[in-house]
1. I'd like to verify a number: residues in the range 267-282 that are more than 19 Å from residue 346 (Cβ to Cβ) and in contact with a strand residue (DSSP E or B) (Cβ under 9 Å, 6 or more places away or on another chain), how many?
2. Take the residues in the range 137-152 that are in contact (Cβ under 8 Å) with a residue 60 or more places away in the chain and either surrounded by fewer than 23 Cβ atoms within 10 Å (Cβ to Cβ) or more than 16 Å from the ligand (Cβ to nearest atom) (or both); name whichever of them is nearest to residue 323 (Cα to Cα).
3. Which of (1) over 21 Å from residue 347 (Cα atoms); (2) assigned to a loop (DSSP other than H, G, I, E, B); (3) within 16 Å of the ligand (Cβ to nearest atom) is the odd one out, the single condition residue 27 does not satisfy?
4. In the set 79, 63, which member is within 14 Å of the ligand (Cβ to nearest atom), within 24 Å of residue 346 (Cβ to Cβ) and not in a helix (DSSP H, G or I)?
5. Do the conditions hold for residue 232, that is, is it in the same structural domain as residue 51 (by TED's automatic domain parsing), surrounded by 14 or more Cβ atoms within 10 Å (Cβ to Cβ), under 23 Å from the mean Cα position of the chain (by Cα) and in contact (Cβ under 8 Å) with a residue 12 or more places away in the chain?
6. Here are 134, 155: which of them is within 12 Å of the ligand (Cβ to nearest atom), farther than 19 Å from residue 81 by Cβ and touching a residue at least 40 places away in the same chain (Cβ under 8 Å)?
Ligand SMILES: [Mn+2]
């Protein structure tokens with residue numbers, strides 16, 4: 001995989017030189033597990049790291065300029081983005097300015113230009129010859145820590161595979177090639193997990209343990225500024241983990257109700273004659289993705305659901321297989337502040353004043369398809 005060795009060597013060098021290492025992960029389970037896997041590998045080599053998990057409500061999509069301005073107190077440091085970064089041009093510029101050396105580890109689609117950073121590990125890069133491309137980000141990180149730890153990898157393999165398997169399920173990437181290998185072994189390990197909080201969760205009988213874990217933890221909004229999935233998966237005390245499970249279940253119930261109400265409200269606005277569905281939601285932006293997923297199941301055409309926050313609108317996109325929402329947004333990039341993701345599931349941020357132009361541009365794009 002292009003730059004796998006280089007990234008591994010650079011991180012190991014930083015550990016040796018006692019440089020500060022900041023890991024910045026996206027807020028979903030894939031981002032969170034990516035931070036934990038790489039962080040534990042760094043510790044295994046004798047280093048330390050500072051974890052930051054994205055706060056999408058506050059910072060927008062990925063490692064944005066806003067995110068950098070909130071973490072710049074850590075500079076100078078080696079900053080590693082996980083499960084985000086490949087489309088954060090402004091964030092990369094800002095990171096350099098405030099004194100970070102920036103490495104991107106991502107699995108999202110690479111746009112026509114790439115951010116100006118020190119190294120990029122993303123199997124979607126065109127010059128990357130690795131035959132398999134459809135990793136979850138935690139799968140890419142799994143390959144990286146294998147390289148980093150060498151012979152010591154076997155000590156951590158079980159923990160890493162448990163986390164990588166959960167992320168691979170959560171990110172809904174296909175069960176083939178490298179992913180199949182991660183899932184075959186990882187899911188077997190999860191029958192008797194070594195991660196403390198998962199052990200606690202396993203105490204209750206469930207039909208599908210992994211599905212249950214994903215639906216409890218794949219929630220992106222922080223509580224009191226803290227990412228609960230990260231807290232849960234790094235909790236080493238079983239009692240504390242059990243208490244958190246009760247809290248997570250309450251949260252899940254509340255959220256389910258919220259989504260049902262908002263989904264119904266959005267569906268009522270749709271006539272069915274639209275070329276694309278482009279709707280404003282009046283709900284917290286962390287619900288946009290779940291609601292877009294439900295709307296596309298009903299209508300089978302590109303869905304853009306956004307929420308206004310001051311002068312900005314922030315949204316989620318879903319497209320049907322064969323369509324490419326990221327390419328569509330690339331064609332309409334003039335109206336967007338930032339965007340990125342996968343062809344069938346992506347996100348975007350723009351100024352409210354550009355909403356009408358963006359919609360027209362997207363309708364034109366999908367009319368030609
Ligand atoms: Mn991901």
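1. So the answer is 3.
2. Here the answer is 143.
3. (1)
4. On the way: 79 fails: within 14 Å of the ligand (Cβ to nearest atom).
After applying the criteria, what remains is 63.
5. no
6. Of 134, 155, the one residue that is within 12 Å of the ligand (Cβ to nearest atom), farther than 19 Å from residue 81 by Cβ and touching a residue at least 40 places away in the same chain (Cβ under 8 Å) is 134.
A quick yes/no check of all residues on (1) assigned to a helix (DSSP H, G or I); (2) over 20 Å from the mean Cα position of the chain (by Cα); (3) buried (at least 16 other Cβ atoms within 10 Å of the Cβ); (4) at pLDDT 95 or above:
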residue	(1), (2), (3), (4)
156	yes, yes, yes, yes
161	yes, no, yes, yes
166	yes, no, yes, yes
172	no, no, no, no
185	yes, yes, yes, yes
191	no, yes, no, yes
199	yes, yes, no, yes
205	no, yes, no, no
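The values are calculated or read from the model by the stated rules, or taken from the named source; none is laboratory data. The structure presented is a predicted model; accordingly, all values stated were derived computationally and were not measured. Quick reminder, even Gly has a Cβ in these numbers, built from the backbone with ideal geometry, and neighbours come from all protein chains shown.
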